[in-house]
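A.B. asks: I have a structure here, written as structure tokens, and I will follow up with some questions on it.
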Amino acid sequence: MSDHPRRVQRMFDGIARRYDAFNTVASLGRDESWRRLTARIAAPEPVERGLDAAAGTGKLAAALAARAAHVTALDFSAPMLLRGGPDLQARGLLERIDRVQGDILALPFPDATFDCATIGFGLRNLADIPLGLREFHRVLRPGGRLAVLDIVRPRNALGRAAYGVGFRRLMPLVGWALSGDRGAYRYLPDSVERYLDPDELASAMADAGFSGVGYRSLMLGSIAIHWGVAG
């Protein structure tokens, strides 16, 4: 593991306790609806096996469990996965959601294992996004769908203004207040600045072998959900 993923892993280990609260505040309470929409895009019809990578505390995995009989929630942060256990138990989902610690750049699953896959707010953290996309393609069965939910830089004037004030200036302060970790929430806007724009990500998904690639913008263009079908 290179130094970058190790730093990111330590950061998420440290903020696991307050991660969900920050997401709810940062999204103005919309994060749950985005996850449900992402799950529906990944599995328009019920499927047998789904993968949620960069699963964190399992919120998106829980949404995917409404579409898939069995879900594997993978994250490289053990504290994140453990933090979500009580919530999954309260929802009656522990028996249907396996929690696995692992690396998206080397997914610990055989080829063509899953009928669909999701990743929420995690793709931009990868040291090698094209490799991560190829790994998703490898573990999906032909016809399986990948849905990617993440923060992006808005391209319209209103979205850019809101992003600049709210996300780049206010959200790191909110994250610091909730978690006590100033560095972690400085990392967040920096990671978005380094991330692919929506068209670049669509192109990268096509290069990784996905067909029917498209995306939908939300929240004044600051959120994007991408999708593609494995060949």
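A.B. asks: Condition first: buried (at least 24 other Cβ atoms within 10 Å of the Cβ) and either in a strand (DSSP E or B) or aliphatic (A, V, I, L, M) (or both). Now tell me which residues in segment 124-138 satisfy that.
C.D. replies: Applying the first criterion (buried (at least 24 other Cβ atoms within 10 Å of the Cβ)) to segment 124-138 yields 125, 132-133, 136.
Passing the criteria: only Leu133.
The rows are residues; the columns are (1) modelled with pLDDT of 60 or more; (2) open to solvent by 30 Å² or more (accessible area, probe 1.4 Å).
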site	(1), (2)
Val152	yes, no
Gly159	no, no
Val165	no, yes
Trp176	no, yes
Gly180	no, yes
Ala184	no, no
Val192	yes, no
Gly214	yes, no
Val229	yes, yes
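A.B. asks: Read through the list (1) among the charged types (D, E, K, R); (2) more than 20 Å from Leu37 (Cα to Cα); (3) modelled with pLDDT of 95 or more, then give the number of the only condition that Arg83 fails.
C.D. replies: Evaluating Arg83 over (1) among the charged types (D, E, K, R); (2) more than 20 Å from Leu37 (Cα to Cα); (3) modelled with pLDDT of 95 or more leaves (3) as the failure.
A.B. asks: Please enumerate the residues belonging to segment 55-78 that are over 19 Å from Ala90 (Cβ atoms) and in contact with a Phe, Trp or Tyr (Cβ under 7 Å, 6 or more places away or on another chain).
C.D. replies: The one that is over 19 Å from Ala90 (Cβ atoms) and in contact with a Phe, Trp or Tyr (Cβ under 7 Å, 6 or more places away or on another chain): Ser77.
A.B. asks: Does Arg83 meet the test of being among the basic types (Lys, Arg) and over 24 Å from Gly214 (Cβ atoms)? Even if it seems obvious, please write down each step before you answer.
C.D. replies: Values: among the basic types (Lys, Arg): yes; over 24 Å from Gly214 (Cβ atoms): yes.
Answer is yes for this residue.
A.B. asks: Which of the following residues is without any contact (Cβ under 8 Å) to a residue 40 or more places away in the chain, in a helix (DSSP H, G or I) and over 13 Å from the mean Cα position of the chain (by Cα): Arg36, Arg40? Give the steps one after another, and end with the answer.
C.D. replies: On the way: Arg36 fails: over 13 Å from the mean Cα position of the chain (by Cα).
The unique qualifying residue is Arg40.
A.B. asks: To continue, here is another question. Condition first: in contact (Cβ under 8 Å) with a residue 60 or more places away in the chain, over 22 Å from His226 (Cβ atoms) and open to solvent by 10 Å² or more (accessible area, probe 1.4 Å). Can you find one or more residues in segment 62-71 that meet it? Can you show your working first?
C.D. replies: The first filter runs over segment 62-71 and keeps only residues in contact (Cβ under 8 Å) with a residue 60 or more places away in the chain, leaving none.
No; the residues of segment 62-71 include none that is in contact (Cβ under 8 Å) with a residue 60 or more places away in the chain, over 22 Å from His226 (Cβ atoms) and open to solvent by 10 Å² or more (accessible area, probe 1.4 Å).
A.B. asks: May I ask you to verify whether Glu45 is surrounded by fewer than 23 Cβ atoms within 10 Å (Cβ to Cβ), at pLDDT below 95 and outside any strand (DSSP E or B)?
C.D. replies: On the way: surrounded by fewer than 23 Cβ atoms within 10 Å (Cβ to Cβ): yes; at pLDDT below 95: no; outside any strand (DSSP E or B): yes.
In short, no.
A.B. asks: Separate question: Just checking, how many residues over segment 84-123 are outside any loop (DSSP other than H, G, I, E, B) and hydroxyl-bearing (Ser, Thr, Tyr)?
C.D. replies: 1
A.B. asks: Of the conditions (1) within 20 Å of Val100 (Cα to Cα); (2) open to solvent by less than 20 Å² (accessible area, probe 1.4 Å); (3) under 11 Å from the mean Cα position of the chain (by Cα), Ser77 fails just one. Which one is it?
C.D. replies: (3)
A.B. asks: Hey, Leu146 hits all of (1) over 15 Å from the mean Cα position of the chain (by Cα); (2) modelled with pLDDT of 95 or more but one; which does it fall short on?
C.D. replies: (1)
A.B. asks: Right, something else. Are any of the residues in segment 196-205 surrounded by 19 or more Cβ atoms within 10 Å (Cβ to Cβ), at pLDDT 70 or above, in contact with an Asp or Glu (Cβ under 9 Å, 6 or more places away or on another chain) and not in a helix (DSSP H, G or I)? Talk me through it step by step, then tell me what you get.
C.D. replies: Applying the first criterion (surrounded by 19 or more Cβ atoms within 10 Å (Cβ to Cβ)) to segment 196-205 yields 196, 198, 201-202, 204-205.
Keeping just the survivors that are at pLDDT 70 or above gives 196, 198, 201-202, 204-205.
So of that shortlist, the ones also in contact with an Asp or Glu (Cβ under 9 Å, 6 or more places away or on another chain) come out as 201.
Checking which are not in a helix (DSSP H, G or I) leaves us with none.
Checking segment 196-205: not a single residue is surrounded by 19 or more Cβ atoms within 10 Å (Cβ to Cβ), at pLDDT 70 or above, in contact with an Asp or Glu (Cβ under 9 Å, 6 or more places away or on another chain) and not in a helix (DSSP H, G or I).
The values are calculated or read from the model by the stated rules, or taken from the named source; none is laboratory data. This one's a predicted model, so the numbers in the text were calculated from it and none came from an experiment. Heads up, the Cβs are rebuilt from the backbone with ideal geometry, glycines too, and the neighbour counts pull from every protein chain shown. Protein only, heavy atoms only, side chains kept; ligands, DNA and RNA dropped before computing areas. Shrake-Rupley method; radii C 1.70, N 1.55, O 1.52, S 1.80 Å.
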